[in-house]
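What follows is calculated from the coordinates using simple rules that are stated; it is not laboratory data. Bear in mind that the values here come from a model prediction, so they are computed numbers and not experimental data. As a convention, Cβ positions derive from the backbone with ideal geometry for all residues, glycine included, and neighbour counts pool all protein chains shown.
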Amino acid sequence: MNITEPGRLADFIASSLSTISTGVKQEVLETLDIRARMDNLNRILIKELEVLELGSKIQSSAVGGRQEPAEYFLREQMKAIQKELGEGDDQTKEIEEIAEKIEAAGMPSW
């Protein structure tokens, strides 16, 4: 198969990705501007690559770790999701709360 047109190439790649939803595929296919379609597809592919790299990293770490691979994988996924959402773990939240209380109390910094 030899696809030389950028728009057709983007359509082919988007339709071939089994990891993205039909709605996301449809959004790519409905974008008329070729550059915007390719940019959108590029963002999707970058995100997919990050997910695959994280999965690979987690899998290799779980092999050497003491936790069950499934448990380790789920914990690492939670950390990645929290990072993506801008949320921290409990310890980070507690540190931020204490820093806010110190600032509100007017205590001098060290």
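Assorted remarks:
- Cβ-defined net charge surrounding Ile34, 14 Å radius [Lys, Arg +1; Asp, Glu -1]: -2
- Interatomic Cα distance distribution for region 1-63, bins of 10 angstrom, percent: 21, 44, 22, 11, 2
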